[in-house]
Structures are given as structure tokens and as C-alpha cells.
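Some notes on the structure that comes next.
The values are calculated or read from the model by the stated rules, or taken from the named source; none is laboratory data. These numbers were taken from a predicted model, which means no experiment stands behind them. Because the Cβ atoms are built from the backbone with ideal geometry, glycine has one as well, and the counts that use them run over all protein chains shown. Note: areas computed on protein heavy atoms with side chains; ligands, DNA, RNA excluded. Shrake-Rupley method; radii C 1.70, N 1.55, O 1.52, S 1.80 Å.
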Amino acid sequence: MVPKARMPGASSHVIKYESVIHEFDPYFNYRVTQFLTKNGIYDFWNWFDDRTWYPLGRVIGGTVYPGLTLTAGTLWWILNSLNIPLSVETVCVFTAPIFSAFASWATYLLTKEVKGAGAGLTAAILLAMVPSYISRSVAGSYDNEAVAIFALIFTFYLYIKVCSWGGYTFIINLIPMHVLLCIVTGRYSSRLYIAYAPLVVLGTLLASLVPVVGFNAVMTSEHFASFLVFIIIHVVALVYYIKGILSPKMFKVAVALVVSVGLAVCCAMVAVLIALVASSPTKGWSGRSLSLLDPTYASKYIPIIASVSEHQPPTWPSYFMDINVLAFLVPAGIIACFSPLSDASSFVVLYIVTSVYFSGVMVRLMLVLAPAACILSGIALSQAFDVFTRSIKFQLPHLSDHSQAGEGSSENVVPNDSVKADKTEDTSKERTSKRSKKKEKEPVEKPLSKSQIKKRLSVLPLETSVIAIILLVLLGAFYVVHSVWAAAEAYSAPSIVLTSHSHDGLHVFDDFREAYAWLSHNTEVDDKVASWWDYGYQTTAMANRTVIVDNNTWNNTHIATVGTAMSSPEKAAWEIFQSLDVKYVLVVFGGLVGYPSDDINKFLWMVRIGGGVFPHIKEPDYLRDGQYRIDSMATPTMLNCLMYKLSYYRFVETDGKAFDRVRRTEIGKKHFKLTHFEEVFTTHHWMVRIYKLKPPKNRIRGKTKKSKSKTSSKTASKRKGLKRNPF
């Protein structure tokens, strides 16, 4: 029932808007899936995309994680084989809701292994409605998390069930931590070895077959913890094996030998690992991994990572928004896992501790916290309902009488059976008569009294139990209302189609698709479009035009070049774009309608990223007394940079005052003209503005004629001492 109930909620955005893909990254995944279904798997692995990162291009098959693409492509192929002719876009839109139902099922299986079927069902219901997961599993959210969360939970379930399965960074670090915890606390068993050893071997081999991973599966620091624990568990397994075949004296000698050899091997491995990573400035860690270990690392050294909003640390209200009341139930679930503590419950506790830490570093990792919070909250609610309902059962008269009658009837049945057994065994041997006497003695034992039952079951007062159940039901109702609101209002709206409510009704802002449609119909196929990297995937997928940078962010220098151009004066920016063969520049501007995620608000990140590669771009030049301003107090560098001019060109014509509704102030420089760029298209609500670079001949035609007249006589120029312009 839970997976089926998950589907309508996750697909509600299709009814409210239309079947459209969300955000920015999903458009790249959709474009890759289109290529896969059209050209096949072999062409996909060898696909070189010349429409991105011009003039460098990108090898798609070797730089993309193929799990999501292969999953959606396989679904499309199966449906079409069954004569269900769905488009690739439709399959991509509904991939996330389908796998969200599978994730609820996997959560039930995992929690069931920890605390039983009741806790599993409760956890599955909570995951089906948690806003944090809804934000990544609504229809149209075609990103890696759509499949990854199901794979994560199901991998943990298979590990708990002592099966082998492959995963990646979070999995290959969390599972070794749990194995090491079990070894240190004396909970080692052959089942633990069987569960972990094949997982490391098969997981590493399978991961190395993915082109984007390759030898990184054995060369990067993220994988070293699993290999170190792999050696430790083999040493422990050898010690337990020797203990079973040797005498105590020989065992002590053998243990000393094995431990010595094991320590030597571990030290040798550590030395090899240190030698491998010593040459790397990041010691073998990726930038994102270092940002998790040191939250200040990205802001200091890699501004391109820190510039992403999903990589910012969350605020306390975001926890309440994404997991709501589960934040208060998690501590109770942790306590319940310790009574009693098992391998499965210790794994869940370790899972919630690590996920809480990582979610506190990056708001994006709230998605990893959501399943753990649902599992522990499900355990807490299941245990609480069990205690309260059991307390009510033993205190209501008709229920207690019914239970006593059941006990009495069972007592009457057993002696009759024993008498019949005695009659049939009268002629048997003396040994069988003794056994029958033992059977007769067993039902004679007096049943436990009601007070003893209450003491054993820790029965709470009736009024307290009833009030507690009512409060838990109200808490669940509040959670349901909040989750439904979050799914309908906060997370169902696609970012490419925006809406707002006012006193005169609903307003729809479809400026992004309007701009991409204009590019598709009014520009040449080979034209290059420059914009900030946020809009690269959408421009390539929807306008089918070549872009300079996109959301892959693999080349920091290329992104810094675009950031430098946006931060430079108009002439210098024109020269940079001209060297990149750019013909059109696209900027996003929200000052007219109050759209806060525009390029002016992102501009300081362009300055920081550009300044990290090109030192002449300095952030203090764009700040007035440490404040970022666009009004009359803005610095001359800010007022003359390309981003300011492209955003506010002709803005004063809208209301006569040039009032920016996002920054809530009048701009500083209202009347100016563009000399190297010309406006070719502005959307209905001014949210997307497209400019075309003026050709060089239009810019220097007058200077060429003047230079010819000046150099008509070489002798005259020499007499005057004039020098020819080398440019």
C-alpha cells in the first residue's frame, strides 16, 4: 500500500503544471538518455559532445555516472518492447516517482531487520511523505538521487541480510566503519566476514568498470578505509580460525605471530598509500570530500564548489522544513536501538550519526539524512504504540477477561490431551510412563497473576496511555499536513516555470522556455552562447546551441574565464568572448519581477572564481566599505562591468526610476549605451536577456579610414614622429 500511495503525491506536479523536467542538471541527464536510446550503448560510451565546453568539448561516456541514464533507458526499452509507446521525456519524468516507491519498500525491509515488521511499515510510511525526499523524487526531478536513494537503502538492507552488493563513496565508508565497530566491540562473526569481504571485492571490480571511476576505485583516498578494514577483518578471521584448531598454548604463540605479520602488512599498506597520495595537493581526496571533512575548505580554496547553493550549510528551519517532527523522534529511536543492541541496530545508529554530521555540512545531504530519520522515527513510533496499546489492553475489563478466558481454555485442553496420552500408553514401557508423568506436571504450574504481568510488561496507567496515543496521532496528522503542503507548494513547482500569487490571481513566468525557444528559432545551429554555468545544461538541451561552460564544472579555468569576462569592462569582455568565438551572451535578471536567483545576486561568485585564476580581478574593487551595492554608492568598477550593463540596460524605461525589486533600491547608473554588444531579445518579464556581440568591422571601420589617411605619406609621418598602432 505504501509504494502505491507514494506515486500520486510524487506526480502531483504533472497535474498542476505539465509533464516537464525540473531544475538544471536533469536536462543534461535527459539529453544523454535521448542519445542513449537513439544511438545505443556503444555509441554512448564513445560519445564526444562538441556542443559543450567549447572549444574543448567533453567525452560524455567517460565523465558521467551512467546508473540513472541506463536505468531510464532500460525502462524505455522494456515499455516499447511491450508496445507501450512512451516518449523518452515521459519515462524520464516518471523515473523518480517509480523509484521513490521502491525506496519506501526498501526502507520497510531494512527497518524490519532492525526492529520488526511494525517498525518497518511505520518507517516506510514516513519516508513516503518526508519533504526532504519529496524534493528529489517528484515527477520531473530526473537527477541521480532519483535512483541513488533506493540503491543506498537497498544496499544497506542486503548488507544486513549478509548479501553482497556494490555501492559508492558513502556506502564504501559507512559499511567499513560498522565492520570495524563490530570487531572492536567483540561482535565479530563469520556472517560479518561473509557480508563484507565479497562486497569489497565485487564492489571495487564493478566500480572500476565504470569509465568515470576507473582506477580511482583503488587510487583515491575515499576508498582506502574499505581496503584497510578488509585487511583487518582477514587478520581477525585468521585468528578465530587458528583458535579453533590449536591448543591454548599454541594459540598464544600463533596469535603473536599472526598479529605481528598483520601489523607489518598494515604498516606496509599505509606506507604505500602515503606514497601514492603524497604527490597530490589534496592528498588523494576530491574537493567535495574535503569540503565534508573541513567545511571551510571550499570557501578558502575552491570557490566553484562553495558557489553552489546546495553546498551551503543548512539552517535550523531547513531541518524543520525537510524532516519536520522526525527530528524530535530520532533520539527516541536511537534509545530504542540499544534495547537490545544488535548488529543491525548498531548499523542504523552509525548511519544516523554520520548522516547528521554530513547534512550539517551541506544542505544537499539532507537527502541522505531523510531515510535514516524515517527509520529511527519509525522504530520510535512503533515501540511507543506497542507500549501504550499493551498497557490499555491489560487494563480494560473486557480485554483482560477475554485474555483470562483464553488462558483457562488452554489450561483445560492440555490435561485432556495428557489423560488421553496416559490411556494410550498404559501398556508401554516404564520409560514412556515417566515421560507422560512429566507432561502431566507441566500444566499444573500456576499462571502468572495480573500484578506480575503488569510488572513484567511495564504497564502504564490507562489515562496516560490514552492521552499519549492521542498525542502521537495528532503528531502524525501534523506531519502528514506539513508533508502534503511541502509536496504541493514548495517542491512540486519546476524551476523552469515559475509562479506567483497576488491579489489579482496566479501569475505564470515562462521566460526561460521563451528565451530558449528564441535561441532555437532565431540563431544559427553553430552559434556559441555564453552564460554563467548554471544555465549551460538547459541551453544545450532546450535550445540545441553550443555553450562555453555548463553545470559539470570540470574545468575551473574555463569557468573563471567566463567569470572574468562578466566582471570586466565592456571592451575587455568583448575581446574575451571574441577569442572564444561567442556570438550571443545570455544573462538572467530578476530586478523587475523580484526573482532573487538572478545573475546580479550570483555576481560576487563570478568575481571570486575569476579572481582565483586571473589576479587582476579583485573582489574589494566591487565592494563599497565591504558591502555589495548596485545603487548610487556602488564602486565605479561595479557600475562599469559587463554584468551590470547587460542586466540594467534600458531598465529605467520600465518605471522611470529603475527600482530593483530584489535588491530593493534604485540602481546607480541608469542611462548608458552599449558599444560592443547589442540587445536582440528580452523576455516578457525581463527575466532572461540575450545580447549579440557586434562584429569587429562595425566597431573599427572609422578608425581604419582615419589610419589610412594618416599613413598615406610615409615621409610625413616620420617627420611628425608618429608611430603606427601595432594592434
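Before moving on, here are some points about what is shown:
- Scan of region 493-514 for residues that are surrounded by 12 or more Cβ atoms within 10 Å (Cβ to Cβ), of a type in the set (D, E, K, R) and in a loop (DSSP other than H, G, I, E, B), ordered by number: Asp510
- Filter result for Ser597 (under 21 Å from Glu23 (Cα atoms), part of a loop (DSSP other than H, G, I, E, B) and open to solvent by 30 Å² or more (accessible area, probe 1.4 Å)): yes
- When residues in region 614-626 are screened for being more than 17 Å from Asp599 (Cα to Cα) and open to solvent by 50 Å² or more (accessible area, probe 1.4 Å), 9 of them pass.
- Pairs are defined by a Cβ separation below 8 Å, a sequence spacing of at least 6 or placement on different chains, a first member in region 50-73 that is on the phi > 0 side of the Ramachandran plot and small (Gly, Ala, Ser), and a second member that is assigned to a strand (DSSP E or B) and open to solvent by less than 10 Å² (accessible area, probe 1.4 Å); the pairs so defined are Gly57/Asp49.
- Residue match in region 572-587 (condition: aliphatic (A, V, I, L, M), over 19 Å from Val549 (Cβ atoms) and at pLDDT 90 or above): no
- Any pair with Cβ under 6 angstrom, 6 or more apart, that starts in region 484-513 at a residue that is free of Cβ contacts under 8 Å to residues at least 12 places away in the same chain and ends at one that is assigned to a loop (DSSP other than H, G, I, E, B) and open to solvent by less than 50 Å² (accessible area, probe 1.4 Å): none
- Of all the residues in region 627-639, those that are open to solvent by 90 Å² or more (accessible area, probe 1.4 Å) and within 34 Å of the chain's Cα centre (by Cα) number 1.
- Meets criteria (at pLDDT 70 or above, within 23 Å of Ile171 (Cα to Cα) and either open to solvent by less than 70 Å² (accessible area, probe 1.4 Å) or touching a Ser or Thr at 6+ places or on another chain (Cβ under 8 Å) (or both)) for Phe227: yes
- Hey, Ser465 at pLDDT 80 or above, assigned to a helix (DSSP H, G or I) and not β-branched (Val, Ile, Thr) or not: yes
- Residues of region 574-596 that turn out to be free of Cβ contacts under 8 Å to residues at least 12 places away in the same chain and either closer than 26 Å to Arg624 by Cα or not polar (S, T, N, Q) (or both), as a count: 1
- Filtered residue count, region 518-536, keeping only those that are part of a helix (DSSP H, G or I) and out of contact with any strand residue (DSSP E or B) (no Cβ under 7 Å at 6 or more places or on another chain): 5
- Ala517 being under 19 Å from Phe681 (Cβ atoms) and exposed (fewer than 15 other Cβ atoms within 10 Å of the Cβ): yes
- Reported count of residues in region 293-311, each being more than 17 Å from the chain's Cα centre (by Cα) and surrounded by 17 or more Cβ atoms within 10 Å (Cβ to Cβ), is 5.
- Any pair with Cβ under 7 angstrom, 6 or more apart, that starts in region 327-355 at a residue that is under 19 Å from Leu158 (Cβ atoms) and ends at one that is outside any helix (DSSP H, G or I): Asp343/Arg187
- Taking region 145-249 and the helices (runs of 4 or more DSSP H) fully enclosed by it, the elements with 1 or more residues that are in contact with a Leu (Cβ under 8 Å, 6 or more places away or on another chain) and either more than 25 Å from Phe99 (Cβ to Cβ) or among the hydrophobic types (A, V, I, L, M, F, W, C) (or both) are at 145-160, 169-184, 216-219, 224-245.
- Restricting region 312-331 to residues that are open to solvent by less than 50 Å² (accessible area, probe 1.4 Å) and assigned to a helix (DSSP H, G or I), the residue that is farthest from Ala119 (Cα to Cα): Ser318
- Among the residues listed as Leu36, Leu56, the single one being over 26 Å from Ala486 (Cβ atoms), assigned to a helix (DSSP H, G or I) and at pLDDT 85 or above: Leu36
- When Thr561 is tested against (1) in contact with a Leu (Cβ under 8 Å, 6 or more places away or on another chain); (2) free of Cβ contacts under 8 Å to residues at least 40 places away in the same chain, only condition (2) is not met.
- On the stretch given as region 609-631, residues that are assigned to a strand (DSSP E or B) and either modelled with pLDDT under 90 or among the basic types (Lys, Arg) (or both) total 1.
- Selection status of Glu18, within 24 Å of the chain's Cα centre (by Cα) and either modelled with pLDDT under 90 or within 22 Å of Ser141 (Cβ to Cβ) (or both): no
- Annotation note: Cβ proximity below 8 Å between a residue of region 22-41 that is among the acidic types (Asp, Glu) and a residue that is part of a helix (DSSP H, G or I) (sequence gap 6+ or interchain) occurs for Asp25/Tyr537.
- Within region 477-492, the set of residues being part of a helix (DSSP H, G or I) and open to solvent by 30 Å² or more (accessible area, probe 1.4 Å) comprises Ala477, Phe478, Val480, Val481, Val484, Trp485, Ala488, Glu489, Ala490.
Listed here are the residues, each with its yes/no results for (1) part of a helix (DSSP H, G or I); (2) open to solvent by 10 Å² or more (accessible area, probe 1.4 Å); (3) out of contact with any strand residue (DSSP E or B) (no Cβ under 9 Å at 6 or more places or on another chain).
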residue: Gln538; (1), (2), (3): yes, no, yes
residue: Asp550; (1), (2), (3): no, no, no
residue: His558; (1), (2), (3): yes, yes, yes
residue: Thr564; (1), (2), (3): yes, no, yes
residue: Val587; (1), (2), (3): no, no, no
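- Among residues of region 112-128 that are touching a residue at least 24 places away in the same chain (Cβ under 8 Å) and under 24 Å from Ala487 (Cα atoms), those with a Cβ under 7 angstrom from a residue that is surrounded by fewer than 24 Cβ atoms within 10 Å (Cβ to Cβ) and among the charged types (D, E, K, R), sequence gap 6+ or separate chain, pair up as Gly120/Lys112.
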